[in-house]
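Have a look at the structure below, then the notes.
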Amino acid sequence: PGQGDARAVVVVAQATALMLLPPGSQVDDLDALKGRTIGVIEADTNARVIEALATSYGFEPGKFRPVSQQEAGPLLSRRQIQALLVVVPITEQYLAAIRSHLGFKAKQRPGLLAIDQAAAIADTARYYESYDLPKGTVVGSPPLPSEDLTTLRVPINLVARKRLNDDVVGILTRA
């Protein structure tokens, strides 16, 4: 359905924006990434997140580069991208996929950046919320992140046409 013909029925999941860095990167905040290339997994799906970050931090939208899950790890480790944006639900399934595709090793793990303007972004775009990712969520030992980390959370909604019968919407919601 088009946006004018749609209504959110239920929040199915919450996806969290993770800004990953190559192992050993000296970048310590998002401002340091200005003018650098940021890879984005599922860039089309995450176009609004890219736009929000570009607007809030003054990034050139063209510096966000679509990358596949398979190429993300090698591009990051060879520093052909200086950061990687991943927006996923924080579940063991998705975290395991990230660890697998990025080739996490005990001594050579990627870094993780805070999106410190998350609250301001959420204030201007109501579909986002500021979220504190708990210490050790991505990897437990040594913990990644090493302390609670501010980022963005994005709802994943089940959407239906406005004219869909309310009983059908209720059944769909319960399912």
### Query
Counting Lys and Arg as +1 and Asp and Glu as -1, what is the net charge of the other residues whose Cβ lies under 14 Å from the Cβ of residue 156?
0
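Test of understanding: what is the full-extension gain from residue 175 to residue 97, defined as 0.36 nm times their sequence separation minus their Cα-Cα distance?
Values: separation 78, 0.36 × 78 = 28.08 nm, distance 2.68 nm.
Between residue 175 and residue 97, full extension yields 25.4 nm more.
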#### Entry: Gain in span if fully extended, residue 123 to residue 27, counting 0.36 nm per residue against the direct Cα distance
31.9 nm
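Give the value in nm², to one decimal: projected area of the alpha carbon convex hull of the range 83-175, averaged over all directions.
The directionally averaged projection comes out at 8.2 nm².
With only Lys, Arg, Asp and Glu charged, each at its Cβ (+1 for the first two, -1 for the last two), find how big the charge dipole of the range 48-175 is about the Cα centre; round to the nearest 20 debye. Provide the component values of the computation, followed by the final result.
Values: 16 positive and 12 negative charges, 97 e Å.
I would put it at about 460 debye.
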### the chain: calculated mean residue ellipticity at 222 nm from DSSP helix runs of at least 4, using -39500 (n - 2.57)
-7500 deg cm²/dmol
### Summary
Length gained if residue 162 through residue 45 is fully extended, taking 0.36 nm per residue and subtracting the Cα-Cα distance, is 39.8 nm
### Task
Set Lys and Arg Cβ to +1 and Asp and Glu Cβ to -1, take the dipole of the chain about its Cα centre, and tell me which of 58, 108, 91 lies farthest positive.
108
### Message
Starting from the 7 Å offset along Cα-to-Cβ, what nm value, one decimal, do you get for the label separation of residue 116 and residue 132?
### Response
1.7 nm
### Query
Among all the lysines, which ones have a C-alpha under 23 Å from residue 105's C-alpha, if same-chain residues fewer than 8 places away are not counted?
135
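Read-outs throughout are calculated quantities, based only on the coordinates presented, and are distinct from any laboratory measurement. Everything quoted here is computed from the prediction, not taken from an experiment. Counting neighbours? That spans all protein chains shown, and the Cβs are built from the backbone with ideal geometry, glycine included.
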